1. Working with all protein chains in place, sort A:GLU43, B:GLU167, B:GLU73 by solvent-accessible area computed with a 1.4 Å probe, largest first.
2. Would the protein assembly as shown count as rounded, prolate or oblate if I go by the C-alpha gyration tensor, calling it rounded below 1.5 in a/c and otherwise prolate when a/b exceeds b/c, oblate otherwise?
3. Express the accessible area of chain A per residue in Å², computed with a 1.4 Å probe while the remaining protein chains stay in the model.
4. HN-Hα J couplings of segment B:481-487 from phi, Karplus 6.51/-1.76/1.60, θ = phi - 60°, integer Hz, Gly and Pro as x?
5. Mind grabbing the accessible area of B:PHE17 for me, 1.4 Å probe, Å², rounded to tens?
6. Could you tell me the center-to-center distance, by alpha carbons, between segment A:76-131 and segment B:364-435 in angstrom?
7. Using a 1.4 angstrom probe on the protein heavy atoms only, line up B:ARG413, B:ARG333 by accessible area, largest first.
8. Got a sec to turn the phi values of segment B:403-420 into Karplus ³J(HN,Hα) couplings, 6.51 cos²θ - 1.76 cosθ + 1.60 with θ = phi - 60°, whole Hz, x for Gly and Pro?
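The values are calculated or read from the model by the stated rules, or taken from the named source; none is laboratory data. Just so it is clear, the model here is predicted, and its values are computed rather than measured. To get the accessible areas, we keep the full protein, side chains included, count just its heavy atoms, and leave off ligands, DNA and RNA. Shrake-Rupley method; radii C 1.70, N 1.55, O 1.52, S 1.80 Å.
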Amino acid sequence: MIETESGVFLEKTKKDEILTPETKIDKSVKPVLAMSNEKIVIETKTLDFYYNADAHALKNINIHIPDKKVTAFIGPSGCGKSTLLRCFNRMNDLISDAFHTGEILINGVDIYKEGTRLEDLRKQVGMVFQKSNPFPMSIWENVAFGPKVNGINDKDELNEIVESALKQGDLWREVKDRMQNSALDLSGGQQQRLCIARALANKPEIILMDEPASALDPISTGKIEETIEELKKNYTIVIVTHNMQQAARISDYTAFMMLGELIEVDLTKKIFTNPTQKLTEDYITGRFG
Amino acid sequence: MNSAKSYQKKKGTGYVFTSGLGLVISLAMVAWIIIIILVKGLGFFWPGDVLQVKLQNGDSYMGELWDEHLDKETLVEETQIKIGNRDVYGRDFIWLKNNEIASRSYPENAVTFERMEYGNFYGFIKAAYLDDKIVQPGDGETLKDVVFDVHDQAMDTKEQINDLQEEATEIMAPLAEVQREMTLLQLAGAEETATGKQQFDELQKKADELDKEISPQIEKINAQLTTLVLRDRASYLEVETADGTTKHIELSSIVRFFYPNEMGAVSKSIHYAGKLWEFVADNPRESNTEGGVFPAIFGTVLMVLLMSIAVVPFGVLAAIYLNEYAKQGAIIRFIRLSVNNLAGVPSIVFGVFGLGFFVYAVGGSIDQLFFSSKLPEPTFGTGGILWASLTLALLTLPVVVVATEEGILAVPRANKEGALALGSTKWQMIRKIVLPNAMPGILTGLILAISRGAGEVAPLMITGVVKLAPTLALDGSFPFLHLDRKFMHLGFHIYDVGFQSPNVEAAKPMVYSTALLLIIIVVLLNLFAIYIRNNLRKKYKTSTF
């Protein structure tokens, strides 16, 4: 096993143990790539990603992610769904030996194109992490962090941004009277919604969510899901989840990944009721996972 | 099974006891050191009773009882007495065999004098003289009242003399400045050129004018001074030692005097507090064996502060580079190893480096560039508080780097990623997330650096510490902080008083007192840093849910 920052994925030797004869990928069935009538925001072309020369984490990924919809990535642990998610805002650049081949286009522009400012990309593509990570500062400072580092210093403007972000994150009612309190005093669910609000304060176009509710109780999870439901009117959301019910509840499209390969992408309804691939069906019906 | 269990338990108990023993021994040693330093250091200031012994051969000595022990060879009990009166006896201490002592007494009218020179004097007061005339006690007055009164008068006179001298220096200052400029011109050979000659003549004219202006004032002051000095010299006490020798002591050379055998616990305590205050707040006397250590305290604290100002930014920047920017690999591992090993290099090696690099190379260049007019007399090209502080900063740099690195490593990765994901640049992330969170670690490094730096003596001895500094490095004259000045240091003071003073035996208690003070100052500096660190820890406690 190789530990990576986005979780754990398996070495070559282990793969065959999981791939039983009946769960081999049916290469004759092509994965669905695009939904013809939607506007595409993120597109990858023959994307291969390596944590290092021996760790091939993503293999030939071709996916289209539509505008103002929720797209869920599902798949067993170590299948590369978090890695793929982190490719979209170049979070993987932090890993020193990692490299990739192929292209990632956002609104048709290659994000690895020379001259791309990482800060601008990450402002455009916000991210919410698995474990809530509020900074040890006040609630207000947390939400204003993004706009501030991106050059907004006017106090009134910041106040406006903070208020609207917290309202969108469905946290405003709970914290409006204690904006100067430490963010660490909030409950776990509130902290995660604060992180969502913090990402929204940058006015992003896309929000990446890496298992945002996996560390939360069912009630907090419900609130997060409601928030996502609300947000998809204005934002494109890509969410990684372990919880298939959650994917079924909140997403419009679902992508199933396994061992670094994209097995199938389709409307969520179709994936959960009538998947094309045998492997997808096996995973969804709980035959492995 | 039971037996196996009890065997294991017994085996474990042995380890517990052994490790416990180790702890007890360490604690006992620490406690022992502290108790010795406390007792000997604080006991020094207590006014001891004055013992008079008469020997069978008729000799008589008077002084403070210092020590008693059994001579192992002759099996005779011996008594050590601090007899003082160095100008009379030539030594401060005397060992007497107990079987030769005929009588011991504590005479009520015995007096202890603390003097500016020659250490303590123990004796009896016979008479007081002012202006060479004997002062008789008036009605209802005792000789004691008279003596305290004339001593006060003498001290007033002394103060007047000092004030007048200062006044004279102040009046002379403008003239001295003009004369200095003239000397500089002469040295530069300006008289050979026409403009230089003109300049010189102008200065000469100015000097003459100034001289005319101030000479009446100076003459007046000099006249006053002469009277005062004469009066000062003619005011003295006639005193008698235990064996009846009489002697004159100038009143102005007596710092204070008291009748220890008459004093009760309360007046002794007041005296004790006064002595303690003198120790902390006054200048040293008598090649540092008497008086206070204020300049040394000042030098120590100022040096530690300068060192901290220098070491923290460099250490923190180095740690940030090592952890956040550098690509981790063999080179960085090697650098980290080297930094860690630097902490183990003997301090005198840093001293030698400081002397060669800071004092000679950097200081010498500064002198040539900015202070060439004063050469060959060095300004920065000789030891000074700046170079000593920088040398110690170098010495403590590894400690700060290592502690800061630990602090940086403790910053949650999630927070760093969170900041980057919000579009901050790496430097913004370091400044807003890493540094505040690593602050407790940085302060831990500072605490360790202070502990190491404040007690270090060897490197200072060759980079600027002196036995006696005439002026403090921080004073009221421009530019207030004189980084080129030499300074005094408590650690060096201990060494100097204990091993370099002409009167080691008498100075021994001073060593303990100074050591105690050094410990207290290091503890106080540390407590201050710990206080700040704990406040920051509360502020940056990590997320829990």
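1. Numbers: A:GLU43 50, B:GLU167 90, B:GLU73 175 Å².
Result, largest first: B:GLU73, B:GLU167, A:GLU43.
2. Working: a/c = 3.30, a/b = 2.20, b/c = 1.50.
Judged from the Cα gyration tensor, the protein assembly as shown comes out prolate (a/c at least 1.5, a/b above b/c).
3. Working: 12490 Å² over 289 residues.
That works out to 43 Å² per residue.
4. Whole-Hz 3J(HN,Hα) from phi for segment B:481-487: 9, 9, 5, 8, 6, 6, 9.
5. 150
6. Rounded to whole Å, the Cα centres lie 35 Å apart.
7. Working: B:ARG413 130, B:ARG333 160 Å².
Accessible-area ranking of B:ARG413, B:ARG333, largest first: B:ARG333, B:ARG413.
8. With the stated coefficients, segment B:403-420 comes to 5, 5, 4, 4, x, 5, 5, 7, 5, x, 4, 4, 5, 5, 5, x, 5, 5 Hz.
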